[in-house]
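Have a look at the structure below, then the notes.
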Amino acid sequence: MSFNSFGRVFRFTTWGESHGPALGAVVDGCPPGLTLSEADIQPFLDRRRPGQSRFTTQRQEPDQVRILSGVFEGRTTGTPIALHIDNVDQRSKDYSEVAKAYRPGHADYAYDQKYGFRDYRGGGRSSARETAARVAAGAVARRVIPEVTITAWVEAIGGDAIDYAKFDAAEIGNNPFFCPDPDAAQRWEALVDAARKDGSSLGAVVACEATGVPAGWGAPLYAKLDSELAAACMSINAVKGFEIGDGFAAATLRGEENADAMRPRSDGGVDFLANHAGGIAGGIATGQPVRMRVAFKPTSSILIPVETVTRDGEASEIRTKGRHDPCVGIRGVPVVEAMVALVLADQKLLHRAQVG
């Protein structure tokens, strides 16, 4: 059995490999009548596209999306939406050594143990290249949830974090790091350059906030909004950690410190005095901003020699040639946003199905 699909009502399936002719997604369950064109999807793919700065992989992919089905006269029909993205800049010869030995930290060994066969060209389905299809599907999901605004940014690279006192959302699109702190962005230039020149890589933390999520989305127990977000983000290549709200820091607080105190409003609503829970209680949205943090490990494909074993079980050493991100978390920002959009679109339709 293979799992390449995600979602319940709003559901998407990705297909394709890093070095195959193309990749893409099929989005099913999208409501009919929504306006949708390639122009609505392309800007999100452009944000994730490789080769835009020296701080990402130099693979040159235009990532031009084509809608093959599910849209007629500019509107969704309610039938499956097929999205297609060509691969045009593969260099499979870079992976000749990977065919013989496993890259430590990558999925090579695990895939071989499961299937007895693997696509060593860039890692096949385990490559971050697959996330282009998620970003395309996420752009469709955003059409389902126009009331929600999703913004992600890089919070830290290599352990060097932004200063939230200097947070400026307008800066996120003004530098190659999706960084809201211009001083941190300047520091990161030297940090990532040094890792790249050493043939190494760095990890990163991506933070994300979704505002406008109505109170009530989500469900108790087995379809909790926070557990769905965790599953979605943990499915992203290179992600090794996920937090909602204060996350692990909540374990250091006393009960009265962690409580999100409430007071009534004159219009009958509720004001929250804090948001330690990240906008979710009991698996259901409270109406506050939904906040999360996602940890990306350093890119496993590096030029520094690392001990490994061959497919024949012999001791060896490997240096991974080719074009790789010195910090994969940078381009993880639009991917995190896409996965959050896909979960929220699904949860909106689930909520509508249950309570009308």
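The values are calculated or read from the model by the stated rules, or taken from the named source; none is laboratory data. Keep in mind the model is a prediction, meaning the values are calculated, not measured. Here the Cβ is made from the backbone with ideal geometry for all residues, glycine too, and neighbour counts use every protein chain on show. Heavy atoms of the whole protein, side chains included, go into the accessibility calculation; ligands, DNA and RNA do not. Shrake-Rupley method; radii C 1.70, N 1.55, O 1.52, S 1.80 Å.
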Step by step: first the residues of the stretch 1-26, then only those that are more than 21 Å from ASN87 (Cβ to Cβ), modelled with pLDDT of 95 or more and not aromatic (Phe, Trp, Tyr), then the one that is surrounded by the most Cβ atoms within 10 Å (Cβ to Cβ). Which residue is that?
GLY7
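Considering ALA295, ALA285, ALA261, ALA281, which residue is open to solvent by 40 Å² or more (accessible area, probe 1.4 Å), at negative phi and in contact with a Phe, Trp or Tyr (Cβ under 9 Å, 6 or more places away or on another chain)? Before the answer, list the steps.
On the way: ALA295 fails: open to solvent by 40 Å² or more (accessible area, probe 1.4 Å); ALA285 fails: open to solvent by 40 Å² or more (accessible area, probe 1.4 Å); ALA281 fails: in contact with a Phe, Trp or Tyr (Cβ under 9 Å, 6 or more places away or on another chain).
Of the residues listed, the single one that is open to solvent by 40 Å² or more (accessible area, probe 1.4 Å), at negative phi and in contact with a Phe, Trp or Tyr (Cβ under 9 Å, 6 or more places away or on another chain) is ALA261.
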Within the bounds of the stretch 71-81, is there any residue that is in contact (Cβ under 8 Å) with a residue 60 or more places away in the chain and either open to solvent by 30 Å² or more (accessible area, probe 1.4 Å) or under 14 Å from THR131 (Cβ atoms) (or both)?
no
Is there any pair with a first residue in the stretch 155-170 that is modelled with pLDDT of 95 or more and a second that is open to solvent by 70 Å² or more (accessible area, probe 1.4 Å) and assigned to a helix (DSSP H, G or I) whose Cβ atoms are under 8 Å apart and which are 6 or more apart or on different chains, and what are they?
ASP160/ARG187
In the stretch 252-311, anything farther than 19 Å from ALA210 by Cβ and among the basic types (Lys, Arg) is listed as ARG254, ARG263, ARG265, LYS297, ARG311
For SER227, indicate whether it is within 24 Å of the chain's Cα centre (by Cα), surrounded by 21 or more Cβ atoms within 10 Å (Cβ to Cβ) and either at positive phi or of a type outside the set (Phe, Trp, Tyr) (or both).
no
Only unsatisfied item for LEU303, checking (1) in a helix (DSSP H, G or I); (2) within 30 Å of PRO104 (Cα to Cα); (3) hydrophobic (A, V, I, L, M, F, W, C), is (1)
Determine whether the stretch 241-258 contains at least one residue that is open to solvent by 50 Å² or more (accessible area, probe 1.4 Å) and touching a residue at least 40 places away in the same chain (Cβ under 8 Å).
no
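Please pick out the residue among SER227, SER235 that is within 21 Å of ILE284 (Cβ to Cβ) and among the polar types (S, T, N, Q).
Values: SER235 fails: within 21 Å of ILE284 (Cβ to Cβ).
When all the criteria are applied, what remains is SER227.
Residue check: is ALA215 closer than 21 Å to GLU147 by Cβ and in contact (Cβ under 8 Å) with a residue 60 or more places away in the chain? Let's see the steps before the verdict.
Working: closer than 21 Å to GLU147 by Cβ: yes; in contact (Cβ under 8 Å) with a residue 60 or more places away in the chain: yes.
Criteria met by ALA215.
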In the stretch 103-125, anything under 27 Å from ARG47 (Cα atoms) and either modelled with pLDDT of 85 or more or among the basic types (Lys, Arg) (or both) is listed as GLY105, HIS106, ALA107, ARG121, ARG125
